[in-house]
Amino acid sequence: SSLSPQLVFSMMNIPPVTLAVLGLNTYLYLFPAAPVILKQVFEFKGWRRLLLSPLHHADLLHLFFNMAFFLPSGKRLERRLGGAWFVYLLSVFSLLTRLVYLALQAVLTELTQDQSYSTTCAVGFSGVLFALKVLSYQDNPDGESSVMGYTVSNRYATWAELIVIQITTPRASFIGHLAGILVGLLYTAGPLKAIMEICACFKSKDAY
């Protein structure tokens, strides 16, 4: 006999939002979305790419590693924040990481006069993952984490991971990962969380 959805969730022990994100990323790997490219967004009004590009992955290995890193942090954060806020958080982070990425691309293009920055595409969930990492480490800022076998303070662990990934995987999007860290800091040390809470309150009042 077939397994009930409740039994499947129990066996996998994955909260529903986290499981849905895993499924959506896998689905859009099989039926690809669109990468985000500065010129295509602004010159051709490709705003749809801002929403879809975090869910698009270059290859199976890219998808596997991103989802493997997302699973433990997604489970932990969803249980701590609740499903509704976690969906809200992921939606905002997905959009903002791409907007910050585009802003960094535009600044680098202007400063260096190198047009390659405006034609480089960014795909994958790693920008959102870096933003979530900032939140996870913020839970215990005085604690320590292991990065490539080295013990690093949680205050600097995300920055250490940024550098290590770039050294070990030079083709990784440094700007995309940096954008995720900046969005995470906007939430933990900046005004983003307060703005999201205000917007959520307004939405709740409108619903009634």
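Just a few scattered comments:
- Where labels lie 7 Å past Cα in the beta-carbon direction, separation of residue 166 and residue 84 in nm: 4.0
- Residue ranges 159-171, 71-83 sort as 71-83, 159-171 when ordered by packing (mean number of other C-beta atoms within 10 Å per residue, highest first).
- Estimated FRET transfer efficiency (residue 73, residue 31; beta-carbon r; R0 30 Å; 0.05): 0.70
- Cβ crowding within 10 Å averaged over residues, with 105-114, 183-192 ranked highest first: 183-192, 105-114
- Extending 7 Å from Cα along the Cβ direction at residue 58 and again at residue 150 yields two label points whose distance is 2.4 nm.
- Cα gyration tensor category, rounded, prolate or oblate, for the stretch 103-201 with a/c compared to 1.5: oblate
- Accessible-area ranking of 69, 125, largest first, probe 1.4 Å: 69, 125
- Cα-projected label distance for residue 197 with residue 140, points at 7 Å along beta-carbon direction, nm: 2.5
The values are calculated or read from the model by the stated rules, or taken from the named source; none is laboratory data. From a predicted model like this one, the values you see are computed outputs, not experimental measurements. Cβ sites come from the backbone with ideal geometry, for glycine too, and all protein chains shown count toward neighbours. Note: accessible area is taken over every heavy atom of the protein model, side chains too, but ligands, DNA and RNA are not part of it. Shrake-Rupley method; radii C 1.70, N 1.55, O 1.52, S 1.80 Å.
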